[in-house]
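Q: I have a structure I would like to understand better, so I am pasting it below and will then ask my questions one at a time.
The values are calculated or read from the model by the stated rules, or taken from the named source; none is laboratory data. Since we're looking at a predicted model, the values are computed, not measured. So basically every Cβ, Gly included, is an ideal-geometry build from the backbone, and we count neighbours across all protein chains shown.
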Amino acid sequence: NAGVTQTPKFQVLKTGQSMTLQCAQDMNHEYMSWYRQDPGMGLRLIHYSVGAGITDQGEVPNGYNVSRSTTEDFPLRLLSAAPSQTSVYFCASSYFEGANEQFFGPGTRLTVL
Amino acid sequence: KQEVTQIPAALSVPEGENLVLNCSFTDSAIYNLQWFRQDPGKGLTSLLLIQSSQREQTSGRLNASLDKSSGRSTLYIAASQPGDSATYLCAVLHLIQGAQKLVFGQGTRLTINP
């Protein structure tokens, strides 16, 4: 199992550009989520999904869109990047029942100029 | 609103020492508590998961305890090694209206000196 994979690892954008951060998992997990990690702020939940076709907002959803068309993939879209979105982004997944142990991807480091 | 606090924020100890990292949370209605390790520039690696009905979990030199009623967890590291140097994060999981809400502490940055 590859676990949770994220691409790209690094990205530099200009203000106003759009991009999609990719996240995939091969563990057949129902639950997937996106976090951002900022110095002094810890990890904060952006969006999450409890299954294909079902998504909802987390703590800091503004400026981000998500969709879940398959169990495996959960992309995060920045429609018009802003410098405040400079951060490290992590994707996580887990089963929805049972232990609910969270598995994290390696992260994407995004800089918006 | 759930708040998770980790003390100390940073810790530096000589190799071989046993040490304890602390995590406290304000809302005891948690589903589980998970300890993670994060190396610089890397993702989060799960170390131990404690269900709300459990008191402790062990993996190798690591032992995590949970006292849900007092809102506390500790991570005990025995015989520390330089390779244990990393940031350790604790996170509590709530199940709210069908959604999983994971709330993180700020982490403890641990340095083990050879």
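Q: Return the total of residues in region B:86-102 being buried (at least 21 other Cβ atoms within 10 Å of the Cβ) and under 17 Å from residue B:21 (Cβ atoms).
A: 5
Q: Here is a further query. Just for region B:1-33: of the residues that are of a type in the set (Val, Ile, Thr) and within 30 Å of residue B:82 (Cβ to Cβ), which one is surrounded by the most Cβ atoms within 10 Å (Cβ to Cβ)? Talk me through it step by step, then tell me what you get.
A: Narrowing region B:1-33 to residues of a type in the set (Val, Ile, Thr): B:4-5, B:7, B:13, B:20, B:26, B:30.
From what is left, the residues that are within 30 Å of residue B:82 (Cβ to Cβ) are B:4-5, B:7, B:13, B:20.
Working: B:4: 23, B:5: 15, B:7: 12, B:13: 15, B:20: 11.
Once the filter is applied, the top-ranked residue is B:4.
Q: Scan region B:53-85 for residues that are among the β-branched types (Val, Ile, Thr) and buried (at least 20 other Cβ atoms within 10 Å of the Cβ) and report the count.
A: Filtering region B:53-85 for residues among the β-branched types (Val, Ile, Thr) gives B:58, B:74, B:77.
Next cut, buried (at least 20 other Cβ atoms within 10 Å of the Cβ) only: B:77.
Qualifying residue count for the region: 1.
Q: Then there is this: All but one of (1) within 11 Å of chain B (Cβ to nearest Cβ); (2) more than 18 Å from residue B:92 (Cα to Cα); (3) part of a strand (DSSP E or B) hold for residue A:65; state the number of the condition that does not hold.
A: Here residue A:65 meets the rest and fails (1).
Q: Would you mind finding the one in A:109, A:77 that is more than 14 Å from residue A:32 (Cβ to Cβ), within 14 Å of another protein chain (Cβ to nearest Cβ), under 12 Å from the mean Cα position of the chain (by Cα) and basic (Lys, Arg)?
A: Details: A:77 fails: within 14 Å of another protein chain (Cβ to nearest Cβ).
It is A:109.
Q: Look through region B:12-38, keep the residues that are touching a Ser or Thr at 6+ places or on another chain (Cβ under 8 Å) and not in a strand (DSSP E or B), and return whichever of them is nearest to residue A:94 (Cα to Cα).
A: Within region B:12-38, the match that is nearest to residue A:94 (Cα to Cα) is B:31.
Q: May I pose another question? Within region A:56-113, can you find the residues that are under 26 Å from residue A:1 (Cα atoms), out of contact with any Ser or Thr (no Cβ under 8 Å at 6 or more places or on another chain) and among the hydroxyl-bearing types (Ser, Thr, Tyr)?
A: A:69, A:70, A:71, A:94, A:95
Q: While we're looking at this one, here's another question. Quick test of your reading of the structure: residue B:42 fulfils all but one of (1) within 11 Å of chain A (Cβ to nearest Cβ); (2) at pLDDT 95 or above; (3) over 17 Å from residue A:45 (Cβ atoms). Name the failing condition by number.
A: Status for residue B:42: all satisfied but (2).
Q: Additional query: Restricting region A:89-106 to residues that are buried (at least 19 other Cβ atoms within 10 Å of the Cβ) and of a type in the set (A, V, I, L, M, F, W, C), which is farthest from the other protein chains (Cβ to nearest Cβ)?
A: Among residues in region A:89-106 that are buried (at least 19 other Cβ atoms within 10 Å of the Cβ) and of a type in the set (A, V, I, L, M, F, W, C), the one farthest from the other protein chains (Cβ to nearest Cβ) is A:91.
Q: Also: Hey, among the residues in region B:65-114 that are at positive phi and at the interface with chain A (Cβ under 8 Å from one of its Cβ atoms), which one's farthest from the chain's Cα centre (by Cα)?
A: My answer is B:98.
Let's see how each residue does on (1) in contact with a Lys or Arg (Cβ under 8 Å, 6 or more places away or on another chain); (2) under 28 Å from residue B:48 (Cα atoms); (3) of a type in the set (Val, Ile, Thr):
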| site | (1), (2), (3) |
| --- | --- |
| A:51 | yes, yes, no |
| A:68 | no, no, no |
| A:80 | no, no, no |
| A:91 | no, yes, no |
